[in-house]
Every structure is written in structure tokens, then in C-alpha cells.
1. Going toward the positive end of the dipole of the chain, with +1 on Lys and Arg Cβ and -1 on Asp and Glu Cβ, which of Q108, G34, P96 do you reach last?
2. Quick one, what does Rg over Rh come out to for region 127-171 if you take C-alpha atoms and the Kirkwood Rh?
3. From largest to smallest, what semi-axes in whole angstrom does the chain give when each is the square root of 5 times an eigenvalue of its alpha carbon gyration tensor?
4. Would you mind telling me the share, in percent, of accessible area of the chain contributed by carbon and sulfur at probe 1.4 angstrom?
5. Taking K109 as the anchor, which lysines have their alpha carbon closer than 28 Å to its alpha carbon, excluding any fewer than eight residues away along the same chain?
6. Find the relative contact order for the chain and round it to a whole percent, using C-alpha pairs within less than 8 Å whose residues are 6+ positions apart.
7. Which residue fluctuates most in the GNM of the chain (Cα springs below 10 Å): A71, A124, A114?
8. Give the peptides 130-142, 23-35 in descending order of average Cβ contacts within 10 Å, highest first.
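The values are calculated or read from the model by the stated rules, or taken from the named source; none is laboratory data. Not measured: the values here are computed from a predicted model. Cβ coordinates were reconstructed from backbone atoms using ideal geometry, including for glycine residues, and neighbour counts include every protein chain displayed. For accessibility, only protein heavy atoms count, side chains too; no ligands or nucleic acids. Shrake-Rupley method; radii C 1.70, N 1.55, O 1.52, S 1.80 Å.
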Amino acid sequence: PGQLVGSQDGFASGGKVSVSLRDADLAELSERLGLKGPFPMARGSIEADLSFPGASPVVDLSDVSGDLRIATGPGILPDVNPSVILQRVGTQPYSPLLNPEGEDFEYQKLDVAARLADGVAQIASAKIESADGGIDLTGVVSRRGGLALSARIENASPAGPRGRIFIGGSWPDPVAIEIP
């Protein structure tokens with residue numbers, strides 16, 4: 001379900017959009033929208049409550065503000081296995097975030113909440129849980145693809161890799177740097 005509401009003068013001075021997608025194939029959705037990067041290959045939900053000041057919400061996304069939440073059950077994040085990333089950043093000053101050999105991350109649950117304003121998505125919370133541990137992310141992503149994220153990687157096994165990394169640069173080719 002969705003809802004599009006205009007102001008008193010129709011949509012000339014803006015409006016609000018509410019969207020609720022349930023049980024959506026997020027991999028297919030990101031492909032159809034032409035989005036690049038490691039997006040979840042899972043079924044899930046997207047909830048968005050956005051407002052826009054002008055005649056259309058899609059003219060300039062920097063003017064859109066509101067809240068966005070994405071949640072999925074079991075899925076895969078292509079090319080971003082956190083254990084492999086931690087091993088690489090531990091041996092190099094910085095490295096590409098994406099795993100060069102295509103090591104994927106199978107997870108059980110993903111939940112992301114973001115606030116959009118002034119062309120920036122502020123990640124209030126992002127949790128990805130797997131059988132082996134989990135990832136907590138916070139930070140910002142600009143509409144032009146620039147990002148600055150902090151990730152804490154936990155491992156269920158005491159002997160497993162764990163640590164913190166900074167993810168920066170630009171999407172879809174960010175770099176990862178170990179945070180001591």
C-alpha cells in the first residue's frame with residue numbers, strides 16, 4: 001500500500017509520500033531501479049514516510065526528507081563477508097570493501113533505519129545478524145554516493161574475527177579501514 005498527499009494547492013508546494021512494501025524481492029527491486037552495490041538478496045519490507053517541497057518527489061532527491069526502514073529475514077549480502085573483510089583490512093592500510101573473490105555474507109536478519117534530509121541519509125541503526133555473529137552500522141550516505149560509516153563486527157565464536165572498521169569513499173566502490 002502507498003499514499004500520496006498534496007498540500008492545499010495540489011502538489012505545487014509539495015506533499016507527502018508513504019510507501020509500505022511487504023514480502024518484496026529486494027534483489028529484483030534494486031535491479032529494476034538500476035541501483036548499484038551489494039544490496040540484500042532477500043525478501044523483506046520497505047517502509048518510507050517522506051515529504052517533498054516541490055511539485056514532484058522524484059525531481060531532486062536532495063529535497064526529500066523523512067524516514068526509511070528496510071527489514072528482511074534470511075538473505076545474502078553479495079561480496080561483503082565481514083570475516084574476509086576483517087582479514088584484509090588487518091593486513092593493508094585500506095582495501096576495497098567488496099571481497100575480491102566474491103565471498104558473500106549469509107545472514108538471518110537485517111534491519112536498517114535511516115533519516116533522510118538535505119540530500120543525506122543518516123543511518124540511525126543498521127543491524128545484520130547471522131549464525132556466526134553480527135554487524136552494527138551507523139553513519140551517513142549522501143545522495144551523490146559519498147559515505148562515512150562505522151561498522152562493528154562481532155563473532156559468536158570467541159576465536160572468530162571481530163573488530164571495527166570505517167567504510168568511506170563513494171558508492172558503489174567504498175573502501176574499508178581498520179579502526180584500532
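1. Toward the positive end, the furthest listed residue is P96.
2. 1.09
3. Three semi-axes, in Å: 33, 18, 13.
4. Taking all protein chains in place, the chain shows 56 percent carbon and sulfur surface.
5. Correct list for K109: K36, K127.
6. On the way: 460 pairs, mean separation 28.9, N = 180.
Computed over the chain, the figure is 16 percent.
7. Among A71, A124, A114, the largest GNM mean-square fluctuation belongs to A124.
8. 130-142, 23-35
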